[in-house]
Each structure stands twice: as C-alpha cells, then as structure tokens.
C-alpha cells in the first residue's frame, strides 16, 4: 500500500512534526513498507487460533512471598556516609 505525501503530511501534523521534503519522502517509503507487511499478515489464516491475552504458555511464575530475616539498623547504617542516631542523614533540599 503506497501512501501519498499528503497522507504522510497529515500523520506528521498529528504528531506535531515539521518534515522537510526529503524527510517526507523517506517516511512515505518507510510507512508504505510497514503497511505492506501488515497486508502480508492479513493474508494469514487465523480462524483456528483462539484469541489470547498472553503469548506465553506459562503463567506468571512468581515465588511465594515468605517473610525473611532483615538487617539490623546498625548493619544498614554501617556504610552510610552520614548518619544521625539511627537515621540516614541527607543534604537538605530546601535552604
């Protein structure tokens, strides 16, 4: 399917793009090629293929969320550049 320069210009206007004549011609060829690929896909027989929401056969393989031991406050703060008692000290955002 070959697009016209006017159609490509309309698409560019929708995308708020200003195209030069060279870009207009380049995008016309590229978009036309993409639409030709879609034409090829339309020719495939998909009548026996059920609609799917996910192409992956497996379900989402999540691990069980188990509580685990965590670090103590002292261990967490041991590499902090600055600390104040049991808190991280960071530079102020507002002065």
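Got a sec? How would 88, 94 order by Cβ neighbour count within 10 Å, fewest to most? Don't skip to the answer; put the middle values down first.
Values: 88 11, 94 3.
Exposure proxy ranking, most exposed first: 94, 88.
Approximating the spin labels as points 7 Å out from Cα along Cα→Cβ, the residue 70-to-residue 40 distance works out to 5.3 nm.
Against the main long axis of the alpha-carbon atoms of the chain, helix 5-14 sits at an angle near 30°.
When averaged across all projection directions, what area in nm² does the alpha-carbon convex hull of the chain cover? Don't skip to the answer; put the middle values down first.
On the way: hull surface 65.0 nm².
That works out to 16.2 nm², a quarter of the Cα hull's surface.
Against the chain, whose longest principal axis is taken from its Cα atoms, helix 21-42 shows a tilt of about 90°. Taking label points 7 Å from Cα along the Cα-to-Cβ direction, residue 54 and residue 29 give a separation of 4.2 nm.
Taken together, the values in this text are just the output of simple stated rules run on the coordinates, not laboratory data. Not measured: the values here are computed from a predicted model. Don't worry about glycine lacking a Cβ; one is built from the backbone with ideal geometry, like all the others, and counts go over all protein chains shown.
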